[in-house]
Structures are given as structure tokens and as C-alpha cells.
Amino acid sequence: MSQVLKTPTSESSEMASSGAQVVEEVLVLDFGGQYSQLIARRIRECGVFSELLPATTPADAIRKRKPKALVLSGGPASVYEPGAPAFPAELLELGIPMLGICYGMQAMVKALGGKVEAAESGEFGRADLTLRDSGGRLLGGLPEEQTCWMSHRDTVFEPPPGFAALASTPASPVAACEAPERGLYGIQFHPEVVHTPYGTEVLTRFLREIAGCEEQWSAESVIAEQVATIRAQVGEGRVICGLSGGVDSSVAALLVHRAVGEQLTCVFVDHGLMRLNEAEQVVEAFSQFGIPLVHVEAEERFLAKLAGVEEPERKRKIIGEEFIRVFEQEAAKLEDAAYLVQGTLYSDVIESGGSDAADTIKSHHNVGGLPEDLEFELVEPLRMLFKDEVRAVGAELGLPERMVWRQPFPGPGLAIRIVGGEVTRERLDILRAADAILQEEIRAAELYRQLWQSFCVLPVVRSVGVQGDGRTYAYPIVIRAVTSDDAMTADWARLPYDLLERVSNRIINEIRDVNRVALDISSKPPATIEWE
Ligand code: XMP
């Protein structure tokens, strides 16, 4: 089932089973490009651990990590702008292979004496790439003619002295170049996006043949490494874990349980903002793993705090804080509970400003939203993982398929899907009923897995309708269904009309307080996935 994490090689299995934590890594220096995160993810898909660091990371910090190679990402700046991020020339001393992508290549070329200039027109989207001189070490063996994905205005016209030009497109005379004896490589196109069909081959060539990386990054190696790390952090301490029913907290709990067994108690705070029957499913699933679980039924407490609150960030904050308070009360009942497990993902870390160059989009998710008086030390075993990796680890740990593939659901639950008004029990019940119909029909149409998320939104407005002989004055329900790789960008899903018709009919017929169903056809950006 693991599509992302590969089966480990025999050496890495040994490494993993000994709990050793030395995993080869390739660092991606982030110049703020929109695909920087994706580069790290693709490298990991090639079985090599990769992490994104701000391009401003001091050379010393990078040296200490002993990376096998460096990748310089794309970025929005022009190499000529005053204050444009500089090529990290001091890193050349490391003597490890370096691959510049887009801006990363331009910065390298300019710093080393090549010619980069603003072209009259930029090159955005698909481009036809033609190899020169058989493609050199980096591109050799790939088709002479291929397509690639471009996104740049500045253009490399001449490689630096000692570099060979490897390929061109109609708009880019030097679309790739290299100086193999110095370990330096540059490509103008984006190998990390799916629109560059040979992108994975190019990355694999760089990682395996040029940087000599082994295939070490796998679900098993993650589990072995995390089990060792959790044991080292927690020792004999008591740990509590808040379960939400989602794949992240479930996998985090299973990892911690694998590491410290009965020292872990899971706490499921039922804030009353869950989907239909979800609470029961969580309790049942975890009892099957034999993991001690405290089920706190706290709906009234949360609804009381949310009374009269319309503003989305306040809803989030109230729910987040209340969550922690409930945990603290439960933890106080558990002698010595000093650690709290969080299912924070790598994308949450980056989106909350873990990377300097990318804009911080929202101060939410699991990072940064915690109150300052938190009394637990956090255990975050998924902090370095992308979502697909979490699913692969979950499957490896035996999590049921239905939970492994569960669509993401926001921590504050349905509260942020009641938009422009107060959260009340009545509105929650309407939204829950509509959402259950949507999920049921989407599963029946076998589309659930193909969608990143599918859900209903309840805007707090009423409009006139007519049902039977009478006029109605009721809520609309908005259907939001998106495809996405990582929630950073998303497209609205083209759901079949007959499915939409069924869902609409059922929602309006089965839920008295709804008289309209609308479909959200916005992509992210400019919209977000959630409405709030
Ligand atoms: P947006 O709406 O920013 O959402 O496009 C991106 C992804 O994040 C999820 N999301 C949350 N997840 N706590 C969470 O755990 C939250 O407060 C939260 N808000 C949004 C959203 O469902 C989508 O997958």
C-alpha cells in the first residue's frame, strides 16, 4: 500500500532495527518558491530523507548536519533585485553536490560568472526541452526532446566558465547546465511538478548517481526512528494523547503506544463539533488496539463557550484553549502525565513560519495556536512527515484502511463550517445531517479517496423557497469538494452532475431547515479550502 515510502534496503533495515538515527539527508534551501515543499517531498519519495531550510540558514548549521547534497529551490525574486537572496557561496566549501532549480540555478550561474538577464517575455507553463550534447551527467539517457514545466522571467543566456550547457527551450538558451567535477548542477525547469514527465528521473539521477544516496527513507525506518526518539524523550514518563479520529492523531498515538505502551493514555475530547457518529467510531477503533482511552463528553461546555461568537479566529481560539483545559483536567487525574502527543505535520510546521521565506498563511493548525501556559512537554512524532508519509506509516502500524484514508478534518470541527454566525446545536445538527448525506453519496460513487476533502458548509443566512404549498425561509448548504496534493493549493472537484443532483435532492428533502444547495467552484488560491 505504501505509495510514498519505499521498502528499505537491507542496510537501512539493519540501521532501522538497531534504532540508529543516522539517516542520510538532502537539504533543500528555500528561496521562497511555491514548489519548495514539493521538492523535499519528491526527494523523500525517492527514498531519501529531505528537509526544507530557509536559504538564510547559516553555513555552519548546514555543515553540522552533514547533508549528502544540497538543492537550491526556486523563488519569486529576480537575481538583480536589490536584496535578492544570495547564492550561498560559502557552501561550496562543503564539496557536496548542489542542484539549483529555477531561481536557485540563476543565483548559482550569476554568482559563478555566467550570464543571467531579464528576457523580454517570461516562460510560464509547459515548454519543449531539447537536450544538447547528449544531456551530460545530469540529463544523459533521457529523451532528446521532452516537455518540462517552467515558471520564470529572468533567463540564463550563458553558463558560468567551466560549465556545460545541457539543454534549451525556445525561450531559455540554457535550460540546464553542469560542472560535474565541481558537483554543481542547475536546471531552469521544475522537476518536482507532475507536468515535468521526466522530473523524477532527473531527481533520482542527482540523488543516487551524483550524490550517492541510498534508499533509506521508508515507513519502517520512520517507525524505528520515532520509536527510539519517543523513548529517549519520554523515558518513564506518563504520556497523554488527544485523539480526534483523524489519521494524524491516530498514527501519532499508535507510534507512541508502540514506543512506550501503557505509559500512554489517549483522551478523546468530544467537543460536539464532530461529524455524525464519529465519536462512537473513534471509541470503537481505539478499544480494538487495546490502548487506554478516556472519552470526555464535553459538548455543553464547548457550546457554552462558543455562545454568541461569530468571528472565525475567535471560534478557533476558544476551541483550541478549551481543548487544552479539558486535557489538563484529564491529565491531572493521571498521575505524572507530563507529555502531550500532537499530530503536527511537516506542512503545519512550514505553514506556521517554520520556513522564513514563504509567507505565513494562517496562525492555526496545531502549531502556534497553543496557549502559552501549556503545562505539557509536546511529543510530536509526525513533525517531519508529509501527509502521504503519515498514511504509509499508519498502514504499516496496522491502522484500519478506513482510518488511514480518512479525509482531513479541521481540529475546530464543524464550528468553522458554520459561517457568519454563532455555533448552535440546531445549526450543528443541520450541518451534520447534510454532511452525512454528502459523505454517503460520495463513498457510494467511489470518489471518497480521490478527493482531498468533501464537506458541507452552512452559511448563516436564510432565503425564501417554496416547498409543497408553502413558502419556506431556510438555510442554504454549500458543497465543497476539492482535489489537492497537500492542501497548499487545491482545485474544486468536478463531481458528476447526477451525484450532485442526488445529494441536493436528499439534503433538501431530508433536512427541514434547508431549502437550497449550492456548489463552491473556487480553487485555492485565491479561496481557501475551508470557508470559516
Ligand atoms: P485552508 O482552509 O487554509 O485549509 O485552505 C487547509 C487545510 O487545513 C485544514 N484546516 C485545519 N486543520 N485545524 C486543523 O487541524 C484547523 O484549525 C484547521 N483549519 C483548516 C483544512 O481542513 C484543510 O485541509
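The values are calculated or read from the model by the stated rules, or taken from the named source; none is laboratory data. Everything quoted here is computed from the prediction, not taken from an experiment. Please note: Cβ atoms are built from the backbone with ideal geometry, for glycine as well, and neighbour counts cover all protein chains shown. Heads up: the accessible areas ignore ligands, DNA and RNA and are worked out on the full protein's heavy atoms, side chains in. Shrake-Rupley method; radii C 1.70, N 1.55, O 1.52, S 1.80 Å.
Of the residues VAL251, VAL464, LEU273, the one whose Cα sits farthest towards the positive end of the charge dipole of the chain is VAL464 (charges of +1 on Lys and Arg Cβ, -1 on Asp and Glu Cβ, taken about the Cα centre). Just check segment 181-285 against the gyration tensor rule for me: Cα atoms, a ≥ b ≥ c as the square roots of the eigenvalues, rounded for a/c under 1.5, and otherwise prolate or oblate depending on whether a/b exceeds b/c. Note, shape of segment 181-285 comes out oblate.
The listed residues ARG471, ARG208, ARG425 rank as ARG471, ARG425, ARG208 when sorted by accessible area, largest first, using a 1.4 Å probe. The equivalent ellipsoid of segment 71-129 has semi-axes of 21, 15, 10 Å, largest first, where each one is the square root of 5 times an eigenvalue of the Cα gyration tensor. Backbone phi angles across segment 510-515, fed through the Karplus curve with coefficients 6.51, -1.76 and 1.60 (θ = phi - 60°), yield HN-Hα couplings of 8, 10, 4, 8, 10, 10 Hz in residue order; Gly and Pro are listed as x. Computed over all pairs of different Cα atoms, the Kirkwood value for the hydrodynamic radius of segment 87-181 is 13.6 Å.
Which of rounded, prolate, oblate describes segment 93-243, given a ≥ b ≥ c as roots of the alpha-carbon gyration tensor eigenvalues and a/c under 1.5 marking rounded, otherwise prolate only if a/b is larger than b/c?
Here segment 93-243 falls in the prolate category.
Using the alpha-carbon centroid of each, what span in Å lies between segment 465-532 and segment 113-131? Distance between centres, Cα-based: 42 Å. Rounded to the nearest 10 square angstrom, THR56 shows an accessible area of 110 square angstrom against a 1.4 Å probe. Close amide-amide hydrogen proximity is noted between ALA167 and ARG132, ALA175, ALA176, each under 5 Å apart and 5 or more residues distant or on a separate chain (H modeled in the peptide plane; Pro and chain starts excluded). Ordered from largest to smallest accessible area (heavy atoms of protein chains, 1.4 Å probe), the residues PHE302, PHE49, PHE124 come out as PHE124, PHE49, PHE302.
ASP270 exposes around 30 Å² of accessible area when a 1.4 Å probe is run over every protein chain in place. If R0 equals 51 Å, the separation of the Cβ atoms of ASP128 and ARG402 corresponds to a calculated FRET efficiency of about 0.70.
Magnitude of the Cβ-charge dipole of segment 189-267, K/R +1 and D/E -1, about the Cα centre, nearest 20 debye?
220 debye
For the chain, relative contact order (Cα pairs under 8 Å, six or more residues apart, normalised by length) works out to 12 percent. Karplus-based coupling profile of segment 174-191, in residue order and whole Hz: 10, 8, 7, 8, 7, 9, x, 5, 9, x, 10, 9, x, 9, 7, 7, 9, x, with θ = phi - 60° in 6.51 cos²θ - 1.76 cosθ + 1.60 and x standing for Gly or Pro.
Once backbone amide H atoms are built at 1.01 Å from N, VAL294 has CYS266, VAL267, PHE268 as its partners under 5 Å, excluding neighbours fewer than 5 places away on the same chain. Shape summary of the chain, radius of gyration then Dmax from alpha carbon positions: 25.4, 83 Å.
A simple rule links phi to the HN-Hα coupling: the Karplus curve 6.51 cos²θ - 1.76 cosθ + 1.60 with θ = phi - 60°, which for segment 241-247 gives 9, x, 8, 10, x, x, 5 Hz, with x for Gly and Pro. A helix-only calculation puts the chain at -9500 deg cm²/dmol for mean residue ellipticity at 222 nm, using -39500 (n - 2.57) for each DSSP H run of at least four residues, averaged over all residues. Once all protein chains are placed together, GLU181 keeps about 140 Å² accessible to a 1.4 angstrom probe. Highest average first, the peptides 101-113, 387-399 ordered by how many other beta carbon atoms sit within 10 Å of their residues are 101-113, 387-399. Residues whose amide H falls under 5 Å from that of ARG516, counting only those 5 or more places apart or on a different chain, are ILE477, with hydrogens built in the peptide plane. For the chain, the solvent-accessible area works out to 42 Å² per residue, with a probe of 1.4 Å and every protein chain left in place.
Let me test this: with uniform point scatterers at the alpha carbons of segment 27-134, what is the Debye-based log₁₀ I(q)/I(0) at q = 0.23 1/Å? The calculated log intensity ratios at q = 0.23 Å⁻¹ are -1.39. Note on the chain: with charges restricted to the Cβ of Lys and Arg (+1) and Asp and Glu (-1), its dipole about the Cα centre is near 660 debye. Straight-line cross-link reach from LYS524 at under 27 Å between alpha-carbon atoms covers these lysines, not counting any fewer than eight positions away in the same chain: LYS315, LYS317, LYS362, LYS387.
Quick one: grab the alpha carbon gyration tensor of segment 236-353, order the square roots of its eigenvalues as a ≥ b ≥ c, and give me rounded if a/c is under 1.5, else prolate or oblate depending on whether a/b is larger than b/c. It comes out prolate by the Cα gyration axes. Solvent-accessible area of the chain (1.4 angstrom probe, protein heavy atoms only): carbon and sulfur portion equals 49 percent. Projecting the Cα positions of LEU138, GLY95, ALA118 onto the charge dipole of segment 53-159 (unit charges on Cβ atoms of Lys, Arg, Asp and Glu, taken about the Cα centre) puts GLY95 furthest along the positive direction.
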